[in-house]
Amino acid sequence: MSIGDQVGTRIREKRVQLRIRQSQLAKMVGVSPSYLNLIEHNRRRIGGKLLTDLAEALTIDIDLLSEDGKSSKVARLEEAAHYHKVETQAESARELATRFPAWSSFLIELDRNVRSLEAKIDALSDRLSHDPQLATSLHEVITTVTAIRATSSILSDSDDIDPMWQMRFQRNISEDSLRLAEEAQALVDYLDADETEARTGTPYEEVEAFLHENDYYFEMIETETPDIDDILNISAIRSTAGRLLARNVLETFQMDATALPLASLIDDLPIQTGLSQLAQKHHCTIPQLMRRLACLPTETVGRDFGMVSMDVTGSILFRKQIDGFHMPRFGSACAYWPIFQALQMPMRFLEDVVIHTGREGGTFHTYSYCEAIQDNIGRPPRLVAHMLFYPHTQEAAQATRVGATCRVCAIAACPSRREPSILGEEL
């Protein structure tokens, strides 16, 4: 292993920090003090066993001494600084990890906890707004409390109740109280369920978990025409509705693979031309091309694509998330997403750049298109919009600031805000 010119400087800084004399360190690693002096002044390139011995003697990660491979600790410190939008100087993360390893570990763990809490806030906000099981449980609790309160009011406000009716009311209160205790316990159990377990409370969640487990790609669909039931039978989807939805998704993937085979598309990857021209070249629809790019492996298409599809009501029908572009689970997405502009202009291809203002956030290039599907003659077409996006690495002259959903968006004074945010700019 060949090491860069600054290794000696880092060895000297760590030795001085530990108050070890140069002669002591030289003796510990089995070299002469004069040779160690040349190393510390970057006049000798070292590697192999000597570098390992020096790292052990100085109780430091060997990667913190080398320039050709940043240690995971340094990389994570730099990632944390970038995530929290902290401006740092070059090499400051390495210096922090080298001089203060305990503090570095503490900051990394703190960053992990902050991100975990933010993810829980997003998930809880989503569930409080849209989770059908949670809404049903809360409705049952409120209904039972209302019944107990009404019965109690009758008993407390009436002095001449027949003893038979009095016993009946008391029995009702007892039964309702037991039911309330059971409903409250069920609600607590649901909220306290192990976060590591995938929540599959709805058919859509079952399908999303299924797609995520397979990275949205089914190689057998590329090379053959499998029986969809064979794929579903080895999945974790158990509900009838979930299997029906998954079947629709897999059949769509199968039609996309037939219309746009990978062997035909591979020569145009990574994409260099516009999506509209590429779809015309391969005689496929724009939505088919979008889904192929979103669901083929990243190493195949050359970019990490995300995608979302929704109907005219704004309900999310399909989503594939990528880092930085958070999407709500059940709808109520940011009104400034370009996909909503596409819904207003069916059959028109839109290309935009947006800045997602979530904590991880980032700048994204987006393609949006709304297709009009004629299911039955004589009825209005069904509108389904799609948005494909990927991280935008070039400087953007104009970009629209967007969020995920109003409840967890920190954009101040947004004219399209539907409800107050639980976040603030300072968070």
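No value in this document is a laboratory result; all are computed from the given coordinates. Everything numeric in this text was worked out from a predicted model, so none of it was measured. We place every Cβ from the backbone using ideal geometry, glycine too, and count neighbours over all the protein chains shown.
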Most fluctuating residue given options Ala259, Ala181, Ala279, as computed from a GNM of the chain linking Cα atoms under 10 Å: Ala181
Label-point separation in nm, Met345 to Gln6, each point 7 Å along Cα→Cβ: 4.8
Cα gyration tensor category, rounded, prolate or oblate, for the chain with a/c compared to 1.5: oblate
Gained length - Asn113 relative to Glu219, 0.36 nm times residue gap less alpha-carbon distance: 34.5 nm
Sorted by Cβ density within 10 Å, fewest first, the residues Thr405, Thr146: Thr146, Thr405
Relative exposure of Leu350, Leu289, judged by other C-beta atoms within 10 Å (fewest first): Leu350, Leu289
In sequence order, calculated HN-Hα J values of the range 305-317 (Karplus, 6.51, -1.76, 1.60; Hz; x Gly/Pro): 9, x, 7, 9, 10, 8, 8, 5, 7, x, 6, 7, 9
Ascending count of other beta-carbon atoms within 10 Å, so fewest first, for Ile234, Ile316: Ile234, Ile316
Note, ³J(HN,Hα) from phi for the range 136-149, Karplus 6.51, -1.76, 1.60, rounded to Hz, x at Gly and Pro: 5, 5, 5, 5, 5, 4, 5, 4, 5, 4, 4, 5, 4, 4
Whole-angstrom gap from the range 97-115 to the range 243-297, using each part's C-alpha centre: 43
C-alpha long axis of helix 48-57 to longest principal axis of the chain, angle in °: 70
Amide H contacts under 5 Å for Leu383, placed H, 5+ residues apart: Val312, Ile373
Note, ³J(HN,Hα) from phi for the range 245-260, Karplus 6.51, -1.76, 1.60, rounded to Hz, x at Gly and Pro: 5, 5, 4, 4, 5, 5, 5, 5, 4, 5, 5, 5, 5, 6, 6, 9
Cα-based Lys pair tally, the chain, threshold under 24 Å, eight or more apart or on separate chains: 11
Projected label distance in nm at His282 and Arg149, using a 7 Å step from Cα toward the beta-carbon: 5.9
Theoretical gain in end-to-end length, Gln272 to Ser315 [0.36 nm per residue, Cα-Cα removed]: 12.3 nm
MRE, 222 nm, helices only [DSSP H, n ≥ 4, -39500 (n - 2.57), over the chain, to nearest 500]: -16000 deg cm²/dmol
Ratio of the Cα radius of gyration of the range 268-427 to 2.2 N^0.38 Å, where N counts its residues: 1.06
